[in-house]
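Read-outs: derived from the displayed coordinates by stated rules, not from any lab. Nothing here was measured: the structure is a model prediction, and the numbers come from that model. Note that each Cβ is placed from the backbone with ideal geometry, even for glycine, and that neighbours are counted across all protein chains shown.
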Amino acid sequence: MTDNEKTTKNCCLFGANGGIGAAILNQWQHDPHVGSIHAGARSSDAGGPKTAPFAFDLTEEASIAAAANNIGVSGPIDTVFVATGMLHSDAILPEKSLRAQSAESYAHAFAINTIGPALIAKHFLPLLPRDRRSVFAVLSARVSSISDNRIGGWHAYRASKAALNMAIRNFAIEMARTHPQAIVVALHPGTVDTKLSRPFQRGVTPEKLFTPEFSAQRMLAVLDTLTPVDSGNLFAWDGQRIDF
Ligand SMILES: NC(=O)c1ccc[n+]([C@@H]2O[C@H](COP(=O)([O-])OP(=O)(O)OC[C@H]3O[C@@H](n4cnc5c(N)ncnc54)[C@H](OP(=O)(O)O)[C@@H]3O)[C@@H](O)[C@H]2O)c1
């Protein structure tokens, strides 16, 4: 990305109150090239410099459509970052075996990890500029990779993120026809110390457990290096492309 392309971007974040999302918000608030931030969360209002909060729920398309209508009037969005997702909840734990599967856990994982981000794409990809570089990034996970899957488990989470990758590839193909400078990608943040990973950190060595700040800073740096040729792929925090 050239310095010219970096001037005062209009950015939009989904999941501003999440572990990684809050760190992305903090990075943007301190980035002089980011002019304005639309920060979306399900409940809490994300405040701070140059930040306008909005409310949305991944399971309510109307809330995503309303956010797009309101935010769209401020002009094209240069960067959309979707930092939402779920691995476990009070009622759902990632499966270790075939018999642990349930329709409910699949439905919930797909609603949050696949369908919600796809609906954000439906309403926000049209807000990207047609005449300059733009980025639409969603948090996927390395475990979404089918070719990289050696240990199995976490059936619904893996499947929902693999489906997200497919949607991202589809959206990249479609966007290239009308927005040739758009970059539509999935990201793997590394193993990051957040609410989502906390129950599963036991086997992770300290140097492989990232702070949200480190992961956010690295992923934003990776996004800066990407070009439209990279669109439709999955990239890790260190810039490496992960095969689907
Ligand atoms: N942490 C890791 O090690 C790791 C590794 C690989 C991939 N990832 C991916 O990174 C993403 C972010 O994870 P994280 O670690 O930052 O987790 P987190 O701290 O639990 O954040 C999850 C975010 O998703 C939001 N969310 C969940 N359901 C929602 C809904 N129905 N509507 C709107 N927002 C909703 C949460 O909002 P509420 O607070 O309102 O629930 C929160 O902002 C996920 O997609 C995850 O799969 C994380």
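Taking the conditions (1) surrounded by fewer than 22 Cβ atoms within 10 Å (Cβ to Cβ); (2) among the β-branched types (Val, Ile, Thr); (3) within 15 Å of the ligand (Cβ to nearest atom); (4) under 20 Å from PHE124 (Cβ atoms) in turn, ILE168 satisfies each one other than (1). Take the conditions (1) under 19 Å from the mean Cα position of the chain (by Cα); (2) more than 16 Å from the ligand (Cβ to nearest atom); GLN101 misses just one of them, which is (1).
The number of residues in the range 221-241 that are outside any helix (DSSP H, G or I) and more than 15 Å from ALA172 (Cα to Cα) comes to 6. I need every pair where a residue in the range 113-134 that is farther than 20 Å from VAL229 by Cα has its Cβ under 6 Å from the Cβ of a residue that is small (Gly, Ala, Ser) and part of a helix (DSSP H, G or I), sequence separation at least 6 or different chains. Once the first residue is farther than 20 Å from VAL229 by Cα and sits in the range 113-134, its partners that are small (Gly, Ala, Ser) and part of a helix (DSSP H, G or I) give ASN113/SER160; THR114/SER160; THR114/ALA163; ALA118/ALA167; HIS123/ALA65; HIS123/ALA68; PHE124/ALA68; LEU127/GLY72. Of all the listed residues (ARG158, ARG169), the sole one being over 20 Å from SER97 (Cα atoms) and over 13 Å from the mean Cα position of the chain (by Cα) is ARG169. Within the range 136-143, does at least one residue satisfy the condition of being of a type outside the set (D, E, K, R), buried (at least 21 other Cβ atoms within 10 Å of the Cβ) and more than 14 Å from the ligand (Cβ to nearest atom)? Looking through the range 136-143, at least one residue is of a type outside the set (D, E, K, R), buried (at least 21 other Cβ atoms within 10 Å of the Cβ) and more than 14 Å from the ligand (Cβ to nearest atom).
With respect to the stated conditions, ILE151 is assigned to a loop (DSSP other than H, G, I, E, B), closer than 28 Å to TYR106 by Cβ and more than 13 Å from the ligand (Cβ to nearest atom).
Of all residues in the range 221-244, exactly one satisfies the criterion of being among the hydroxyl-bearing types (Ser, Thr, Tyr) and touching a helix residue (DSSP H, G or I) at 6+ places or on another chain (Cβ under 6 Å), namely SER231. Within the range 188-242, if we keep just the residues that are more than 11 Å from the ligand (Cβ to nearest atom) and among the aromatic types (Phe, Trp, Tyr), the residue that is surrounded by the most Cβ atoms within 10 Å (Cβ to Cβ) turns out to be PHE235. Those strands (runs of 3 or more DSSP E) of the range 1-108 in which 3 or more residues are buried (at least 19 other Cβ atoms within 10 Å of the Cβ), free of Cβ contacts under 8 Å to residues at least 40 places away in the same chain and of a type in the set (A, V, I, L, M) occupy 34-41.
For the range 168-195, filtered to residues that are among the polar types (S, T, N, Q) and assigned to a loop (DSSP other than H, G, I, E, B), the residue that is farthest from GLN217 (Cα to Cα) is GLN181. For the range 196-210, residues that are in contact (Cβ under 8 Å) with a residue 60 or more places away in the chain and not in a helix (DSSP H, G or I) total 2.
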